[in-house]
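Please treat every number below as a calculation from the coordinates, not as lab data. All values derive from a computational prediction rather than experimental measurement. Reconstructed Cβ throughout: ideal geometry from the backbone, glycine too, with neighbour counts over all protein chains shown.
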Amino acid sequence: MEVVELEELRPGRIARAKVREVASGDTNSLVIKAVPHDSDFAKRRAQFETELNSLRFLNEVCPEIVPILAAWDLEAGILVLEELHGLSLPDLLLGESAATATEGLLAFARVLGRLHRATAGRDQQFYGLRNSIGPVDPLADRFFLRNQDLREMRTESARILSEATLPEWSNAANAEFASVIASLAEPGEFLAFSNGDPCPGNEVLTEDGLVLLDFEVGAFRHALLDTAYFAIPFPNCWCWQRVPDKLTRAMLDAYRAEVANGGVSVDETTFWAEFARCRAAWVVYLVGSRFASGLLVDDRDRDFFTERQRMITVLEQFGAWQPGREAVSTLAEWGSELARELRARWRGLNLAVGPYPAFATTTEI
C-alpha cells in the first residue's frame, strides 16, 4: 500500500490520506489522527489512549456502528481510521426538514441502545485491553464526566454557590446526591460502554446506517448517563438548542425498545429513577464546571447560544421533568430555585432559547 495524497484537516492533529493498493491499484481514503506535541500533550495523550482502546474494543464487539480501526502506533500516538462519508446530526438539526431531523435523532437513539446492549457485561474485556496500554482505575471512570470528577464538581459548585449567596443544598438534596453517586458507583444492569459525549457531530449518517465517532472519554459507566443527553439536551454540543419535548420522549422510547431487543428489560419505576439520577449528575457537572470557569462573572457567546441561556434552560427543564422525579425531587426543586435566582440576577439579558432550526415551526417546545 502506498500513500498517493495527503491533506491536513487540522494541522498537526488530523489528516486525510488517499492510499492505493500496489497489487490491485484500488484506492481508498483514511483518516489519520495524531497526538500533537503542544502544551496539552499530557491530556491529549490520555485521550488518544482512551480512544485507541475504545476502538479496539468496539471493533470486536459492535463493528457495524463504529469506524474501522485500520492501524495504530501506540508509541507515536497515531490512529488510522476508515474515512466515513455522509451527513451528521448538526447538518439535519440546522436544516429545514423536521421529518429528516426527527429520523436522524431517532436513529441516533437506536444506535446508542445497540451500543449499550452489545457492551453490557463486557467491562472485563474492555479493561483487559486497556491494561495492555496502561493501567486505569475502572471505578474512578464511573464518576468522570468529560474528564472531570463529578464529586469534585459538587464540592466546587457548593463553594461557589455559598460565596455567591445562591441557593444551596438542603440535607435532603445532599442525601439525593448521595444516591446519585451510589448509582454511578454500582450501576448493576446499567453498566455498559459509554461514549461519554453522545452529542450531535459525533456521528456520521452513512448509507449503511449511523456510525458513532469520538471516543476520547469512552469508558464503562452507567449507561443512562449517555441517554440523559437526550433530555438536557446535549450539554456539550457546539450547536446546542432545544428539542421538542415529544421528540425527547420518542428518542427515549426508541432507545428502550432497542435495548429490549437484546432481552434486557427494566421495569418503569427503576428505569426512570435511574434516568433522573443520571440527569441530575449532568446538571451538577454543568453547574460546577460552568460556574468554576466564571459564568457568574461573564457570559460566553457561542455561535448559536450563550452559556447563560444554556444554564437557565438546563436548570428549568430539570426542575420541570416528571418521570422519575421522586428520586431527585429536592434536587429538582433546587434547580428551579437556582434558575429563578439567576434570572433575577441576569435580568435584562435575552435568556430565551428556541428550538433547532429544523423544528422552528413546532409549537411543542
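See the values below:
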| read-out | value |
| --- | --- |
| Max mean-square fluctuation residue, GNM over the chain, Cα-Cα springs under 10 Å, options Ala70, Ala320, Ala164 | Ala164 |
| Residue of Asp299, Asp149, Asp208 that the Gaussian network model of the chain assigns the largest fluctuation, springs spanning Cα pairs under 10 Å | Asp208 |
| Acute angle (nearest 10 degrees) that the helix 41-61 long axis makes with the longest principal axis of the chain, alpha-carbon atoms | 70 |
| Cα gyration tensor category, rounded, prolate or oblate, for the range 132-248 with a/c compared to 1.5 | oblate |
| Lysines with Cα under 28 Å of Lys18, excluding same-chain neighbours fewer than 8 positions away | Lys33 |
| Listed residue (Gly335, Thr227, Pro11) projecting farthest to the positive dipole end of the chain, Cβ model | Gly335 |
| For the range 14-53 versus the range 98-144, the gap between their alpha-carbon centres in whole angstrom | 21 |
| Gaussian network model of the chain, Cα within-10 Å springs - most flexible of Ser293, Ser170, Ser39 | Ser39 |
| The range 148-190, dipole about Cα centre (Lys/Arg Cβ +1, Asp/Glu Cβ -1), debye to the nearest 20 | 100 |
| Sorted by Cβ density within 10 Å, fewest first, the residues Val204, Val283 | Val204, Val283 |
| Summed side-chain charge close to Ser97 - residues other than Ser97 whose Cβ falls under 14 Å, Lys, Arg +1, Asp, Glu -1 | -3 |
| Net dipole in debye of the range 7-110 [+1 Lys, Arg Cβ; -1 Asp, Glu Cβ; about Cα centre; nearest 20] | 220 |
| Rounded FRET efficiency, nearest 0.05, which uses the C-beta distance separating Leu129 from Thr27 and R0 of 45 Å | 0.90 |
| Theoretical FRET efficiency, 1/(1+(r/R0)^6), r = Cβ-Cβ of Thr155 and Ala182, R0 25 Å, to 0.05 | 0.90 |
| Of Trp238, Ala344, Ala280, farthest towards positive along the dipole that unit charges on Lys, Arg, Asp, Glu beta carbons give the range 86-359 | Ala344 |
| Exposure proxy ranking, count of Cβ atoms within 10 Å, fewest first, for Ile133, Ile65 | Ile133, Ile65 |
| The range 292-335: mean projected area of Cα convex hull, nm² | 3.9 |
| Likely footprinting exposure, Leu191, Leu87, Leu145, Leu6, fewest C-beta neighbours within 10 Å first | Leu6, Leu87, Leu191, Leu145 |
| Separation between Cα centres of the range 308-365 and the range 237-280, rounded to whole Å | 18 |
| Prolate/oblate/rounded call for the range 1-83, Cα gyration tensor, a/c under 1.5 rounded | oblate |
| Cα convex hull volume per residue for the chain (Å³) | 152 |
| Antiparallel bridges, percent of DSSP beta bridges restricted to the chain (to nearest 5) | 95 |
| On Cα atoms only, tilt of 98-119 relative to the major axis of the chain in degrees | 80 |
| Charge sum, other residues only, whose C-beta stays under 14 Å from Leu166's C-beta, Lys/Arg counted +1 and Asp/Glu -1 | +1 |
| GluC sites (Glu not before Pro), loop per DSSP, at most 11 other Cβ atoms within 10 Å - longest free stretch of the chain | 208-363 |
| Between 0 and 90°, nearest 10: helix 150-163 axis offset from the chain longest Cα axis | 40 |
